[in-house]
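To keep things clear, I will list the structure first and then write my remarks on it.
The values are calculated or read from the model by the stated rules, or taken from the named source; none is laboratory data. Since we're looking at a predicted model, the values are computed, not measured. Reconstructed Cβ throughout: ideal geometry from the backbone, glycine too, with neighbour counts over all protein chains shown.
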């Protein structure tokens with residue numbers, strides 16, 4: 001066990017190449033400890049973490065609304081709860097928030113075009129898109145691999161994003177198709193058949 005700047009590190013046996021990687025990582029952490037992380041660097045580092053791709057949909061006052069989101073996770077199994085994050089600059093987020101219910105459409109490799117469409121601002125994202133209302137009235141996309149229909153329970157503003165938490169009231173799909181992944185700021189279809 002060793003200590004560095006008040007942090008305790010556990011020692012363990014690693015091979016020589018790994019020692020170099022670990023040493024560089026600790027040195028980088030120490031040398032950057034007092035610096036503010038700029039948004040571009042943070043985005044670049046976060047882009048190395050692959051995520052799944054969802055399309056969040058809701059029934060707005062003037063029709064269906066939706067947006068692509070990759071910041072999504074489950075929060076609780078009992079009761080079943082999920083969350084997603086939306087940029088505060090999004091023109092779609094306020095309409096989803098006021099709808100009070102939403103659907104998380106989990107996209108497979110077949111949904112790459114739809115995910116790209118729902119990420120574009122200023123267009124009719126539902127033009128020609130097959131969907132049907134769920135039990136809350138929020139749109140379930142026909143092209144989704146699976147879906148979770150939710151009632152919005154809480155929202156929080158954290159930095160430049162809103163965190164939306166929903167209680168899952170219905171689920172469906174799960175065709176076990178190849179996933180759609182967002183990695184290094186691009187959509188990928190690993191293992192697509």
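Out of (1) at pLDDT below 95; (2) surrounded by 12 or more Cβ atoms within 10 Å (Cβ to Cβ), what's the single condition that is false for residue 86?
Failed condition: (1).
What's the number of the only condition in (1) over 17 Å from the mean Cα position of the chain (by Cα); (2) part of a strand (DSSP E or B); (3) at pLDDT 85 or above that residue 8 fails to meet?
(3)
Could you list, in sequence order, the residues of the range 17-64 that are at pLDDT 90 or above and surrounded by 10 or more Cβ atoms within 10 Å (Cβ to Cβ)?
54, 55, 56, 57, 58, 59, 60, 63, 64
Would you call residue 67 modelled with pLDDT of 95 or more, under 26 Å from residue 123 (Cβ atoms) and in contact with a strand residue (DSSP E or B) (Cβ under 7 Å, 6 or more places away or on another chain)? Break it down into steps so the answer makes sense when it comes.
Working: modelled with pLDDT of 95 or more: yes; under 26 Å from residue 123 (Cβ atoms): yes; in contact with a strand residue (DSSP E or B) (Cβ under 7 Å, 6 or more places away or on another chain): yes.
So residue 67 fits the description; yes.
Has the range 75-83 got at least one residue that is modelled with pLDDT of 95 or more, in a strand (DSSP E or B) and in contact with a helix residue (DSSP H, G or I) (Cβ under 6 Å, 6 or more places away or on another chain)?
no
Sort through 166, 128 and tell me the only one that's modelled with pLDDT of 90 or more and either on the phi < 0 side of the Ramachandran plot or not assigned by TED's automatic domain parsing to the domain that holds residue 56 (or both).
Testing whether each residue is modelled with pLDDT of 90 or more and either on the phi < 0 side of the Ramachandran plot or not assigned by TED's automatic domain parsing to the domain that holds residue 56 (or both) leaves just 166.
Which numbered condition trips up residue 104, out of (1) surrounded by fewer than 18 Cβ atoms within 10 Å (Cβ to Cβ); (2) in the same structural domain as residue 126 (by TED's automatic domain parsing); (3) under 22 Å from residue 187 (Cβ atoms)?
Result: residue 104 fails condition (1) only.
The conditions are (1) out of contact with any strand residue (DSSP E or B) (no Cβ under 9 Å at 6 or more places or on another chain); (2) within 17 Å of residue 59 (Cα to Cα); (3) in contact (Cβ under 8 Å) with a residue 40 or more places away in the chain, and residue 185 fails exactly one of them. Which is it?
(2)
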